[in-house]
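Inspection log for the structure reproduced underneath, given as structure tokens.
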Amino acid sequence: MPWSLISSLMRCAVAQGLALALTLTGVAAAVPSGPAPLAPAAVRQALADAAVSGQGALRFLGLHVYDARLWVAPGFEAETFERHPLALELRYYRAFRGAAIAQRSLEEILQQARVAPAQAQHWRTLLAQVLPDVQAGDVLTGLYLPGQGLQLWQGDQRLGSIEDAELARRFFGIWLSPRTSQPALRRALLGQQAPEAP
């Protein structure tokens, strides 16, 4: 296949949000050994004694899309993630438009459970208001607050919040729900990844 055609297909996929890591074939990795990573400032302020539950990488057609890391407080239980405050940190290796991220996020939410069309449109609008365009190297951190909503940071800059508890629960469910489209990444984030063979 000519490179120009491959390039065109990739641009088309990115434009439609298909390359967004929420629906991509993932290659998950367990938390590496060595010194514990330092939680982002927003996580340290919101979650006392936060620690990494797990992390993984997501790839599409061999391209590294982002690394994901889940921060949790003591007492966190994976089976009832929606009852616990937590933070999800994403380090991007590709550029994406915020509107495409919002649209793809909504599509993932809708694949897990039915939502009335008017509610879905409202949620897409709320997500689009806080999700920024990202470039390679950007780090987004989302903080989930059960029963309240979510807060979002880009690096150390607070981008905003969504005060909709159900949307927040479903948004983080994209990664953490048993119905996720990426079960391997979910297992890695929850620290349930089987160890690699020697």
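Values in this text are rule-based calculations from the coordinates and carry no lab data. Everything numeric in this text was worked out from a predicted model, so none of it was measured. Methodologically, a virtual Cβ is constructed for each residue, glycine included, from the backbone with ideal geometry; neighbour enumeration extends over all protein chains shown.
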Open item on the list: Take Gln148 and His122, extend 7 Å from each Cα along the Cα→Cβ direction, and tell me the distance between the two endpoints in nm.
Closed with: 2.1
Task: Whole-number D in µm² s⁻¹ for region 67-179, Kirkwood Cα-pair radius fed into Stokes-Einstein, 25 °C, 0.890 mPa s - done: 172
Open item on the list: Show me the trypsin sites (Lys or Arg not before Pro) within region 101-146 that DSSP assigns to loop and that have at most 15 other Cβ atoms within 10 Å of their Cβ.
Closed with: Arg114
Open item on the list: Whole angstrom only: what separates the Cα centroid of region 118-145 from the Cα centroid of region 44-80?
Closed with: 17
